[in-house]
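Derivation of every value follows stated rules applied to the coordinates shown; laboratory data play no part. Since the structure is predicted, the reported quantities are computational estimates derived from the model, not experimental observations. All Cβ positions, even for glycine, are placed from backbone atoms using ideal geometry, and neighbour counts span all protein chains on display.
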Amino acid sequence: MKEIIGYLGPKGTFTKIAVDSMFNGEEKQGFSSIPACMDAVMNGEITYAVLPLENTIEGTVNVTLDYLIQAKELNIISEVIVPIRQHLMVHPDNVESWSEVEGVYSHSHAIAQCHSFLRNELVNVPTHSMTSTGAAAEFVSGNPDQHIAAIANHLAAKEYGLSIVKKDIHDFQNNHTRFVVLHKDNVKLASNKLEEKGYKTSVTISLPSDRPGSLHQVLSAFAWRDLNLSKIESRPRKTGLGNYYFMIDIEQKMDDVLIPNAIKELESLGCTVRVLGSYPYYLHSGNGVTLAV
Ligand SMILES: O=C(O)C(=O)C[C@]1(C(=O)O)C=C[C@@H](O)C=C1
């Protein structure tokens, strides 16, 4: 069967940069929402989904994590970390008057990454949330008569014929996003283009009931086995206030002893544990052709 890679589209998104860094000539299909892309993998319409999971400045992409927790058939099989450079861009007809734009369009995460710039340079200009930075660039390109700008990457500017009027407007220079590759089966996906940086195992844990010290017990199961954790995040279980899942990233490949035994210990405490995946992670260098402006 032909392999199709789904991603948060349209062309020109950061997710597309992640896709191009991991895959070669396979067919790629952009989706207008993260759940739609995950559904397409579960229905067998596409083979892989590449989606943003976490950003340095804005934190977790909640819709990805929440849907991944609900979509029990999906596994994380790989991860690529991409440097994020946000630029302000307008239609070429509006370059001279860019500082007088009446609206800024982008993905909510991209807008949040540029708060200081917007507060200082485009005072009181309304921001509008779009399904992705690429969708925002496409919208600005299709509406030259409107005095508006998009926040997006340089590939979006090229793709939609926009002019970059302010480069690197993100508030913190160390801006990276983790993109995960999802598949129905626990297949291996190694990149032959990027250098492997390490391995992670991601698990979700729900605690049995609200009792003192249960999170402490969970963390101890990892701590005394010397398992290093690189992320812990709580998300609501949506069953009532105070009910949470924890997502934990263990900085290690699934083994035969340590991680399985930690899971057994947690289960004996009454926790429900699900392994989301054990996968290699890669760093996109960002200084090659793809990210230079
Ligand atoms: O809109 C895009 O370009 C995306 O790929 C989405 C997304 C996100 O969801 O955080 C990805 C990376 C950036 O942090 C900003 C937006």
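A dipole drawn for the chain from +1 and -1 charges on Cβ atoms has a positive end, and of 261, 41, 277 the residue lying farthest that way is 261. Ignoring lysines fewer than eight residues from residue 188 along the same chain, the ones with Cα atoms less than 23 angstrom from its Cα are 2, 16, 28, 72, 197, 200, 231, 253. Placing unit charges on the Cβ atoms of the charged side chains and taking the dipole of the range 87-166 about its Cα centre, the candidate lying farthest along the positive direction among 132, 149, 163 is 132. Under the definition of Cα pairs under 8 Å and six or more residues apart, what whole-number percent is the relative contact order of the range 87-166? The value is 49 percent. Extension gain, residue 195 to residue 176: 0.36 nm times the residue separation minus the Cα-Cα distance gives 5.2 nm.
Can you give me the C-alpha center-to-center distance between the range 36-60 and the range 159-221, rounded to a whole angstrom? After rounding, the separation between the Cα centres reads 11 Å. Per-residue packing, averaged as other Cβ atoms within 10 Å, sorts the ranges 153-160, 168-175 into the order 153-160, 168-175, beginning with the highest.
Scan the range 173-249 for GluC sites (Glu not before Pro) in coil per DSSP, keeping those whose Cβ has at most 15 other Cβ atoms within 10 Å, and list them by number.
On the way: sites: 195, 196, 233; in loops: 195.
Listed in order of number, the matching sites are 195.
Ranked by how many other Cβ atoms sit within 10 Å of their own Cβ, fewest first, the residues 98, 224 fall in the order 224, 98.
Tell me, 230, 106, 268 in order of fewest to most beta-carbon neighbours within 10 Å?
Ranked by crowding around the Cβ, least crowded first: 268, 230, 106.
Using Cβ point charges alone (K and R +1, D and E -1), the dipole size of the chain about the Cα centre works out to roughly 540 debye. On the beta carbon distance between residue 231 and residue 120, with R0 = 30 Å, the FRET formula returns roughly 0.45. Taking other C-beta atoms within 10 angstrom as a stand-in for reagent exposure, 51, 276 fall in the order 276, 51, fewest first.
Cβ-Cβ distance of residue 215 and residue 70, R₀ of 25 Å, FRET efficiency by 1/(1 + (r/R0)^6): the value works out to about 0.65.
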